[in-house]
Amino acid sequence: MKARKSLRTLLSLALALVTALSLTAQGAFAADGSSNMFENSDFIETEQPELSAETKQLISLYHRKPTEENYLNLRDMVIYNYDLVLERKEAKLAELMEETAGKPGGEAKVAEMREIVQEMYMTYWNRINSSMLRFTDSRLLQWSVSNASNYEYIPVMGAGVTIEVKRTPVTNEEYAAFLAATGREAPASWTDGTCPEGEEDYPVNCVSCADAEAYCAWLTETDGTNVYRLPNESEWELAAGHMPKDAEFNCGIHDGRTPVDAYSDVTRGAHGAVDFWGNVWEWTSTDRGEGLLGVKGGSWKSERTDCRTEYRKEGRDPAQGYEDVGFRVIKVLNGEEPEQKVELATMDAPVVSAVATGEDTVLLTWQPVEGAVAYQMFTCSAATGLVEMTALVTGTSYTAEGADSGTRYIVQPISYVAICDNVSAEYSVGAVYGTDEPSVVPAFSYDYDRQRLTLTWEPVDGVETYYVYKYDQERQRLSRARTVDSAERDCSISYTVEPGTACQYLVSAVEMDVQQPCSGANCISVLIPEQR
């Protein structure tokens, strides 16, 4: 694992958010009034190392004196600790590959370990952000996870001091009280409007998002002081914490739901709430696009990997009820929403170009992303889709060395109040190698509103006419040339390109024979992702 330099000068935005969230503590705390956060460290994600004495000191120091310097020192330690975990996982992967080579079952063990390492790469900054939000929450020192079962609602560290989450998903019994009070129609899974006998403590299912929101509105009216609503995706993730690899829960074990407390003695969320993973998916208020809302946590019939906290690909029609979807509730104390509601998945992926500048070097450039304070570089294998973290840069260009035709690249924008979930093969861009076509390396810009990609280049002495080609890599052919006369206008040209497109262009100082096969050498490769 390469050493990562601290981005101290870039963290003012993070500190501002943390300060906004770290207000006067409110809500449920340890029953004995204890302020010792270290007597029970279950809120620490299992994949992280045991908190060192130095880390504990830095957390306590920040809470006593929440300065920028103390915040930065704590963040450095969080990054250092997480890098140690990654190093151990990578070492374990290498060890497994050597020990199991050619042995029965060896490939499956290696694949499982590789998946863990890949997930840690892909969610790296999400986990750093989440840890910092939790560690700097003013309620942390006053909360004891061991006492969580005494409370119906649990504080969500990092989501704002007024945000609490129901300890369990809403049960059939609880939903029945709502139906009795409002006369709303019962779920389709009930018989004659009555909850199935013996399933009172099962999570309610077959409820639409509208049903869940109506339940929240009823709670709000009944309470008269606090406001109840569905969590957004990031609030849900902060409440859950990272799903331990060896966690026990209802996934692939039963043919249906189980009581919400079935695994509460062995598997808990970050702050003591339970039943986040498996059993039933849970509605959130996060828009997935195309008329779908995000659901989290997986169900009894999901793949275990889909139950992971960080899994963000499942969406359902909010107008429908599903047998494998239920919900849990957020309580907003006194109805006071945080000044900035936490939502970590809000950044767009950058528009990235790649061009081979030598036999083993690639120049990556990208358009800046609003809110980004740095960019994390990843390589991605064209053959396997496996990713690896490389450099962290603050500009909008990077030269990758030791490159080859089997390597593709991902640029992830980094912010300490948001995350871009683009670390996957679909967001990777690759360069085309070779030196057989004379070319000019253009810069580029993309206008999402007009869907226009513009290539711009510096004029070359003695060249008046430039030839611009689109390249079809599958057919290895160039399009008919579009010409640019530098004496008549700037050295630029635009194309209509829809978001979600990867394309390649060649700007040449000489006219090419488009009838002949072309290697595509020195093409600029551009990836234009969909906007969120």
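The values are calculated or read from the model by the stated rules, or taken from the named source; none is laboratory data. This is a predicted model, so every value here is computed, not measured. Neighbour counts are summed over all protein chains in view; Cβ atoms, including those assigned to glycine, are modelled from backbone coordinates with ideal geometry. The accessibility values were calculated without ligands, DNA or RNA, using every heavy atom of the protein model including side chains. Shrake-Rupley method; radii C 1.70, N 1.55, O 1.52, S 1.80 Å.
Figures for the structure shown
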read-out	value
Any hit, the stretch 509-527, residues being open to solvent by 60 Å² or more (accessible area, probe 1.4 Å), small (Gly, Ala, Ser) and within 32 Å of the chain's Cα centre (by Cα)	no
Qualifying positions in the stretch 289-308 - touching a residue at least 60 places away in the same chain (Cβ under 8 Å) and assigned to a helix (DSSP H, G or I)	Thr305, Cys307
Boolean, Thr284 is buried (at least 18 other Cβ atoms within 10 Å of the Cβ), touching a strand residue (DSSP E or B) at 6+ places or on another chain (Cβ under 6 Å) and touching a residue at least 24 places away in the same chain (Cβ under 8 Å)	yes
In the stretch 393-427, residue surrounded by the fewest Cβ atoms within 10 Å (Cβ to Cβ) [restricted to those that are of a type in the set (Asp, Glu) and under 20 Å from Thr361 (Cα atoms)]	Glu401
Filter result for Thr390 (within 25 Å of Tyr495 (Cα to Cα), open to solvent by 20 Å² or more (accessible area, probe 1.4 Å), of a type in the set (Ser, Thr, Tyr) and in contact (Cβ under 8 Å) with a residue 12 or more places away in the chain)	no
Subset of the stretch 373-386 [open to solvent by less than 10 Å² (accessible area, probe 1.4 Å) and hydrophobic (A, V, I, L, M, F, W, C)]	Ala374, Met377, Phe378, Cys380
Residue pairs meeting the criteria (Cβ under 7 Å; at least 6 apart or on separate chains; first part of a helix (DSSP H, G or I), in the stretch 46-61; second at pLDDT 85 or above and open to solvent by 30 Å² or more (accessible area, probe 1.4 Å))	Leu58/Asn73
For Lys313: the one exception among (1) at pLDDT 95 or above; (2) open to solvent by 50 Å² or more (accessible area, probe 1.4 Å)	(1)
Total residues in the stretch 514-529, condition in a strand (DSSP E or B) and aliphatic (A, V, I, L, M)	4
Flag for Met97 being out of contact with any Pro (no Cβ under 7 Å at 6 or more places or on another chain), part of a helix (DSSP H, G or I) and among the hydrophobic types (A, V, I, L, M, F, W, C)	yes
Tally of residues being closer than 18 Å to Ala521 by Cα and of a type in the set (Ser, Thr, Tyr) across the stretch 474-507	2
Criterion: of a type in the set (A, V, I, L, M), at pLDDT below 95 and either crowded, with 18+ Cβ neighbours inside 10 Å or out of contact with any strand residue (DSSP E or B) (no Cβ under 7 Å at 6 or more places or on another chain) (or both) - qualifying residue of Ala270, Ala319	Ala270
From the options Leu58, Leu72, residue that is modelled with pLDDT under 90 and touching a Leu at 6+ places or on another chain (Cβ under 6 Å)	Leu72
Top-ranked residue in the stretch 78-111 [being touching a Leu at 6+ places or on another chain (Cβ under 9 Å) and without any contact (Cβ under 8 Å) to a residue 24 or more places away in the chain; ranked as farthest from Arg127 (Cα to Cα)]	Gly106
Top-ranked residue in the stretch 177-205 [being touching a strand residue (DSSP E or B) at 6+ places or on another chain (Cβ under 8 Å) and surrounded by fewer than 18 Cβ atoms within 10 Å (Cβ to Cβ); ranked as nearest to Val274 (Cα to Cα)]	Asp201
Residue selected from the stretch 455-485 under the condition surrounded by fewer than 16 Cβ atoms within 10 Å (Cβ to Cβ) and among the polar types (S, T, N, Q), by the criterion modelled with the lowest pLDDT	Gln476
Residue that is surrounded by the fewest Cβ atoms within 10 Å (Cβ to Cβ) [pool: residues in the stretch 206-215 that are in a loop (DSSP other than H, G, I, E, B) and either hydrophobic (A, V, I, L, M, F, W, C) or modelled with pLDDT under 95 (or both)]	Cys206
Test: residue in the stretch 71-79 that is more than 27 Å from the chain's Cα centre (by Cα), open to solvent by less than 70 Å² (accessible area, probe 1.4 Å) and among the polar types (S, T, N, Q)	no
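Yes/no per residue for (1) open to solvent by 10 Å² or more (accessible area, probe 1.4 Å); (2) under 30 Å from Lys89 (Cβ atoms); (3) within 28 Å of the chain's Cα centre (by Cα); (4) touching a residue at least 24 places away in the same chain (Cβ under 8 Å):
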| position | (1), (2), (3), (4) |
| --- | --- |
| Ala217 | yes, no, no, no |
| Asp223 | yes, no, no, no |
| Asn226 | yes, no, no, yes |
| Ala239 | no, yes, yes, yes |
| Gly256 | yes, no, no, yes |
